[in-house]
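What follows draws every value from the coordinates through simple rules; no lab data is involved. Computed from a prediction, not measured in an experiment: that's the story for all the values here. Don't worry about glycine lacking a Cβ; one is built from the backbone with ideal geometry, like all the others, and counts go over all protein chains shown.
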Amino acid sequence: MHHPPIRLRYFDARARAQFLRAYLTAQGIVFDDERVPLDEGFASWVAMRDDRARSGPLQRLPVLHYGDDLIPEALVIAGFLHEACGGRAALDADRNRQHEIIVSMAYTDLAFPIAILIWADLMFPGIDVDAYAKTSLGRIERNFDALEHALADWGWVATQHERPVTVADCLLWETVDQARTLFGSALELDDRPELARCYTEHPGRATFESVLASRPCQITGRPGEGEAIERIQSALRGPAAADS
Ligand SMILES: N[C@@H](CCC(=O)N[C@@H](CS)C(=O)NCC(=O)O)C(=O)O
């Protein structure tokens, strides 16, 4: 499949773009993985924000340059790539509907709350981070359970070796990996066999891991993300662990 020059511009973070990087790489598509540095005061971003030819019509990242087209919004980019890379044509109507549902759900109900939790104390000054972490984990676990049932009903994971890697597969894998990084041992996959297989047995797994390893970065652009995650995990382990 022929493509014009492709450039994906996002911060040097995983959040809204890592699954797109993984998808393009899994398709064997050469693209420019442009990363705006997470420098002091987001100076590099501030310097480019007013240039809509780079920051897009909404002045937010990610944006995808596909030849002369500039496409903003992660979900719009996801849909565009699903079409442009032949993913839509490779799936029947039911599978395409399921694909859309997985992408919408994983992005809105999993990836987004993960990012909000990481930023919580900076976004909502005075928030009780420990309580919020527990509430967030509970909500995300319920969303994982809902997804688990749907994936099983659809046989989504059972057929993952029979179809090309999809955008939804990349987003699911990336979201589970982010959740594991954020929640550590507080998040169990053992009683979620569909998600566990999607994560450990996915045919794209080696590619997803190598994309991450080739340019390691934090999940969000939050300054001090490592410490914030440690604090969240400590809260989830409970007072005994926090005191020791
Ligand atoms: N709805 C957009 C949101 C994009 C967005 O908020 N991007 C953030 C980074 S995660 C951004 O560009 N922030 C810079 C700013 O708002 O100045 C999407 O899902 O792609």
- prompt: Between region 181-226 and region 51-74, what is the C-alpha centre distance in whole Å?
  reply: 27
task: Output the Cα-based Rg and Dmax of the chain in Å, rounding Rg to one decimal and Dmax to a whole number.
output: 18.2, 58
query: Amide H of H3: which non-local residues (sequence gap of 5 or more, or other chain) have their own amide H closer than 5 Å, using H built in the peptide plane?
result: none
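So what is the diffusion coefficient of region 23-81 in µm² per second by Stokes-Einstein at 10 °C and 1.306 mPa s, using a Kirkwood Rh over Cα pairs?
The estimated diffusion coefficient comes to 127 µm²/s.
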message: Using C-alpha positions alone, give me the convex hull volume of region 107-157 per residue in cubic angstrom.
response: 65
- line: The set of residues whose placed amide H lies less than 5 Å from the amide H of V36, leaving out same-chain residues fewer than 5 positions away, is Y10, F11, D12
query: Which shape class, rounded, prolate or oblate, goes with region 181-225 when its Cα gyration tensor gives a ≥ b ≥ c as root eigenvalues, a/c under 1.5 marks rounded, and past that a/b bigger than b/c marks prolate?
result: oblate
message: With unit charges on the beta carbons (Lys and Arg positive, Asp and Glu negative) and the dipole taken about the Cα centre of region 142-244, which residue among S210, T200, Q233 sits farthest to the positive side?
response: S210
task: Working from the alpha-carbon coordinates of region 155-233, get Rg over Rh, Rh being the Kirkwood radius.
output: 1.00
message: With only alpha-carbon atoms in the gyration tensor, what are the semi-axes of the equivalent ellipsoid for region 32-154, in Å, largest first?
response: 28, 28, 8
field: Rounded to whole Hz, the Karplus (6.51, -1.76, 1.60) HN-Hα couplings of region 160-166, x for glycine and proline
entry: 5, 7, 9, 10, x, 4, 9
